Amino acid sequence: MNEKRKFVIEKLLEKIHSGEIVVGDKLLPERQLAEAVGETRPVMREGLIALDAMGVIDIRDRQGIFLSSNEENEARMMLHRVRGWPADILSRVMEVRQIIEPLATGLAAARRGEKDLIKMQECLKHMKELAEQTGEEAAKEGAYWNTSFHTVIVESVDNAYLSRIYEGVYSIIEQGMSMMRINTSPGAHGGRLVTYQDHVRLYELIEAKDSAGAELFAEEHLRRTIVAMVRLGQIVPTSDLFEQGFVGKARLR
């Protein structure tokens, strides 16, 4: 995540928490939000889209920007401020991804709405732009939109408990994806070009409401990610639950 967007997101969260930019269950209009944070409306809009993808707010066409329930927002704000996790936590987080994401993706294909597709399209637009760029900053940005895409998928399931579980690992996943993009060739598994193509295919299956296809492809995509992370030494081999047959198609053999 670039520094300006990170700043906007953190300022918005602070001002939501303090109630400064909240009226009832809604945020102030975009123009007033931009003034409150001291940024331009385009930059403010990017921050709002990110918070919408995280599930903190709900942007409704022609109605305004609404908050999620106060209880959920409090949890989300705390989770997204988490920093400095121990290095070995990434292995545990990737185990959680293997358990959750394939099934969640299949459910998302069955339950997604048009608004969910719009959020995914926004993530894909940024991922496409960043797939053609090099450098550490582009890798961090790409990791942010990558993780946001998967967060939108989980949110599409419309299960608050599942969303909370996934939110707890959001920051760690983003850090891991950033490291992998920096250290992997663009055309290799885990590289930015292949990753973008995989996400486009996931979107197509979800859009088509192909639950079985979406679940299977989500597993394939995650398998490739796990293999790349083991190869780079980011996670331990024993965290590859697919390979060990604990989750996925292999468990049915």
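The values are calculated or read from the model by the stated rules, or taken from the named source; none is laboratory data. Computed from a predicted structure; not experimentally measured. Positions of Cβ are generated from backbone atoms using ideal geometry, with glycine treated the same way; all protein chains shown enter the neighbour counts. Remember, those area values only see protein heavy atoms, side chains included, never the ligands or the DNA or RNA. Shrake-Rupley method; radii C 1.70, N 1.55, O 1.52, S 1.80 Å.
Structure above, values below:
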item	result
Condition broken by Arg60, with the remaining ones in (1) open to solvent by 30 Å² or more (accessible area, probe 1.4 Å); (2) at pLDDT 55 or above; (3) closer than 16 Å to Leu27 by Cβ; (4) within 18 Å of the chain's Cα centre (by Cα) satisfied	(4)
Out of Ala131, Ala138, Ala110, sole residue that is of a type in the set (A, V, I, L, M) and closer than 12 Å to Ile206 by Cα	Ala110
Residue ID - farthest from Leu117 (Cα to Cα), chosen from residues in segment 205-237 that are surrounded by fewer than 16 Cβ atoms within 10 Å (Cβ to Cβ) and in contact (Cβ under 8 Å) with a residue 60 or more places away in the chain	Val236
Breaking point among (1) over 14 Å from Arg5 (Cβ atoms); (2) open to solvent by less than 50 Å² (accessible area, probe 1.4 Å), for Gly24	(2)
Hits in segment 157-179 (condition: modelled with pLDDT under 75, closer than 21 Å to Asp116 by Cβ and among the hydroxyl-bearing types (Ser, Thr, Tyr))	Tyr170
Filter pass, Gly213 being farther than 23 Å from Asp58 by Cβ and either assigned to a loop (DSSP other than H, G, I, E, B) or at pLDDT below 95 (or both)	no
Residue count for segment 116-166, restricted to those that are open to solvent by 70 Å² or more (accessible area, probe 1.4 Å) and either within 17 Å of Thr195 (Cα to Cα) or not aliphatic (A, V, I, L, M) (or both)	13
